[in-house]
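Encoded as structure tokens, the structure appears first; notes follow it.
The values are calculated or read from the model by the stated rules, or taken from the named source; none is laboratory data. None of the values given here were measured: they were computed from a predicted structure. Heads up, the Cβs are rebuilt from the backbone with ideal geometry, glycines too, and the neighbour counts pull from every protein chain shown. Just so you know, the surface numbers come from the protein's heavy atoms only, side chains and all, with ligands and any DNA or RNA stripped out. Shrake-Rupley method; radii C 1.70, N 1.55, O 1.52, S 1.80 Å.
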Amino acid sequence: MIEIATEVDLFHPPARIWQALTERDLLAKWFAGSESVGDRTLLRTSGLPGYDADTEVEVVELRAPERLVLRCREADRSTRLACDIVASGHGSRLSVREVLEEGDWDADRRAEQHQAAVTGRLPAILDWIAFQQVDLRRAEGGLTAELPVVPLGPPPGRTRRRLVVAAGVLTVLGLAGGATVWATRPAVTVTDVPAPPAPPSAAAAPAASSASPRPTPSRPTPSTTRRTVAPDPSASASPTRTPGPGPSSAVPLAASYETVSDRVFGYRGQVVLSNPGPAARSGWTVTVTLGDGATVGTVNGAEAKQDGAVVTFTGAAVPAGGSATIRFDVRDPDVTATRPEGCTVDGAACAGL
């Protein structure tokens, strides 16, 4: 029989550790995503260090918040995983024991994954949960934007013990479970035309429209001889200039959103702009709406300005037939958030959300 055992002291109560071990959204933050398959749970462990495929998990024993026993099957390997939580004077002690029942594995490789999960990522998510449970509100303000930073290695005071009884591996440390509106209008040029001088006598007749003949004064005025010049039949007629059609409206940009990476304290987002038109497009605006309390950190590929939950990106012209990429880091107090709530380019929705 092959067994790997790990013990770690955590400065958190048993109920909080149980929450991190059994709530699906929290599990995805520090270990792996999951989904229900009938009466079992499928952990997305394929590609993780120490795992060759996704892991199917069946609950064998569930006694909250003290003991969780799982049977895990990964490809042709089967293991039995037991998690025991015991309250201690300063917090809790978590004991994890993994027994290989069928198949084979690389014990060292899987033990490294076990260590990284239990002594690195799990304490980080527990510290985050603790911050959420403490009242950090000030007046009407939201949760503090500063979230705990926890090193991946075990901090002083935390102890771990790893026991490899034969050749083996840890399989799943698994779990069951305001804006400004711009209005535009064409510019109108007004030319002031001086009115004709008033006649030197009695009142003139009411003014007529521009198409009506000019009113005649009430007293005789000297006649004026008008000379009309007839066109020379030998001269060619000047062509009449007809206004051409106005410039066609610019082809709108297309945009697509993608979450590049997900982490405990937020995620990294990416917006790709595409210009299908025949000319470069400048003056574009990408607007991303974040969740409550979320903030934007590092931004590449554009200039960013945040106003509440709305972040506005602007940048250089997108070449004709080309594209431009914006990447930005988001710190979000909601541990389940993996993407923004909205994304638009010049008012049109981005694909991918």
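Some points to look at:
- Only one of the numbered conditions (1) open to solvent by 50 Å² or more (accessible area, probe 1.4 Å); (2) at pLDDT 95 or above is violated by residue 311, and that is (1).
- Filtering the range 8-20 to residues that are under 11 Å from residue 94 (Cα atoms) and assigned to a helix (DSSP H, G or I) leaves 14, 17, 18.
- Considering the range 314-337, and only residues there that are under 11 Å from the mean Cα position of the chain (by Cα) and open to solvent by 20 Å² or more (accessible area, probe 1.4 Å), the residue that is nearest to residue 126 (Cα to Cα) turns out to be 331.
- Residue match in the range 44-54 (condition: surrounded by 13 or more Cβ atoms within 10 Å (Cβ to Cβ) and not in a loop (DSSP other than H, G, I, E, B)): no
- When residue 28 is tested against (1) within 20 Å of residue 263 (Cβ to Cβ); (2) in a helix (DSSP H, G or I); (3) open to solvent by less than 30 Å² (accessible area, probe 1.4 Å), only condition (3) is not met.
- Exclusive hit being farther than 22 Å from residue 110 by Cα and either touching a Cys at 6+ places or on another chain (Cβ under 6 Å) or not hydroxyl-bearing (Ser, Thr, Tyr) (or both), set 58, 66: 66
- Where strands (runs of 3 or more DSSP E) fall wholly inside the range 271-353, the ranges with 2 or more residues that are touching a Leu at 6+ places or on another chain (Cβ under 9 Å) and among the hydrophobic types (A, V, I, L, M, F, W, C) are 310-314, 323-331, 342-345.
- Residue list for the range 338-353, filter: within 10 Å of the chain's Cα centre (by Cα) and surrounded by fewer than 16 Cβ atoms within 10 Å (Cβ to Cβ): 341, 342
- Verdict on residue 36 being under 36 Å from the mean Cα position of the chain (by Cα), modelled with pLDDT under 90, among the hydroxyl-bearing types (Ser, Thr, Tyr) and surrounded by fewer than 21 Cβ atoms within 10 Å (Cβ to Cβ): yes
- Of all residues in the range 251-296, those satisfying the criterion of being more than 18 Å from residue 350 (Cα to Cα), in contact with a Lys or Arg (Cβ under 6 Å, 6 or more places away or on another chain) and open to solvent by 10 Å² or more (accessible area, probe 1.4 Å) are 261, 264, 265, 295.
- Close pairs from the range 8-20: first of a type in the set (Phe, Trp, Tyr), partner surrounded by 18 or more Cβ atoms within 10 Å (Cβ to Cβ), Cβ under 8 Å, at least 6 apart: 11/91; 18/68; 18/85
- Residue count for the range 78-120 under the criterion of being open to solvent by 30 Å² or more (accessible area, probe 1.4 Å) and part of a strand (DSSP E or B): the result is 8.
- A single entry from 345, 335 fulfils the requirement of being within 30 Å of residue 23 (Cα to Cα) and in contact with a Phe, Trp or Tyr (Cβ under 8 Å, 6 or more places away or on another chain): 335.
- The listed residue being modelled with pLDDT of 90 or more and among the charged types (D, E, K, R), out of 3, 58, 7: 58
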